[in-house]
1. Checking the conditions here, which among Phe151, Phe194 is outside any loop (DSSP other than H, G, I, E, B), assigned by TED's automatic domain parsing to the domain that holds Asn97 and closer than 21 Å to Val112 by Cα?
2. For segment 140-161, name all the residues that are of a type outside the set (A, V, I, L, M, F, W, C), under 30 Å from the mean Cα position of the chain (by Cα) and within 13 Å of Trp178 (Cα to Cα).
3. Where in segment 16-121 are the helices (runs of 4 or more DSSP H), entirely inside, with at least 2 residues that are under 30 Å from the mean Cα position of the chain (by Cα) and loosely packed, with under 10 Cβ neighbours inside 10 Å?
4. Can you say whether Pro230 is surrounded by 19 or more Cβ atoms within 10 Å (Cβ to Cβ) and more than 14 Å from Ser187 (Cβ to Cβ), as far as the supplied structure shows?
5. Would you say Lys203 is touching a residue at least 40 places away in the same chain (Cβ under 8 Å) and among the charged types (D, E, K, R)?
6. Given the options Phe99, Phe156, Phe125, Phe132, name the one that is under 16 Å from Leu186 (Cα atoms) and in the same structural domain as Val268 (by TED's automatic domain parsing).
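The values are calculated or read from the model by the stated rules, or taken from the named source; none is laboratory data. No experiment lies behind these values; they were computed from the predicted model shown. Note that we place each Cβ from the backbone using ideal geometry, even for glycine, and neighbour counts take in every protein chain shown.
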Amino acid sequence: MALLTPAITPADDVRPAGPPPRKHRPVARTRNKVLLHVALMLGAVTMIIPFVWMIFTSVKSPAELAQYPPTFFPQEWHWSNYADALDAAPFGLYFRNSFIIATGHTLITLVVGSMAGYALARIRFRGREIVFLTLVAMLMIPTYTKIVPQFLIVKFMPLFGGNDILGQGGTGWLNTWWALIIPGGLSATSIFLFRQFYLSLPKELEEAARLDGLGEFRIFLQIYTPLIKPAIATVGLLTFQESWNNFLWPLLVTTTENLRVIQVGLAVFQQLDNTSWHYLMAGTTLATVPMVVLFVAAQKYFIQGFTSSGIK
């Protein structure tokens, strides 16, 4: 008697697809991690090479800079280029001016920007959304399109620099600290960042503070603001960096030596027919050091600030 065996259809023979064997997962994870680290290392090298080239160029002699093909590593290290660059112009004065302006911009931005960001995030008032949308629209305006209107406002500032009540007859804020500090004292970006941080904080803190009798300003100053240290570090670092590296605006509104900033002062090494590259790179290296030190000091809060604010 023949044994009857059940017929096996193709559908029964197909095994359900499942995850790969467990032993292969660590291998794939390790491979992906290695590829990620290699990509990050390549990106880091690409970013570092220009700074290394700048430092090497700053210690080369003019004769070596004129060689062809050019050399990457200096044949002789001329550290005296830094002293000669500082003696070529009053860079101590330029550093002081840049520091005063950058510090002023940072303080104004942190104080006024945090208040504006708190108001847009926590205080309900009529037209709040319209104000916020206007602020976002301001982020889309290129910086250089605002140079001419700002310059005209500074020049025709009433009752300053010999101007009358209508802003005529004088120079206004030109060649003054007012022109260097006030126009760049606040930006829409800083207000937007502060608003994003204040929105991320729990509302229960505000309600508990109101039950304890705290007013709006004390809630802002004592309850919420101490919790946004990453935002303060992020906005402060971005503002200081932008102000320190600003070149065009100080060049437009000042003509006197006493108000020159470091970025404008570096132009002394750039002539029409010749450029002293070794002095220019030495001065640029010295101008870069404060920003590098500031970023290293605030790196932890800076990275945390961008990850917490929801900006990708």
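1. Phe194
2. Gln150, Lys155
3. Qualifying helices (runs of 4 or more DSSP H): 25-58.
4. yes
5. no
6. Sole residue among the options that is under 16 Å from Leu186 (Cα atoms) and in the same structural domain as Val268 (by TED's automatic domain parsing): Phe132.
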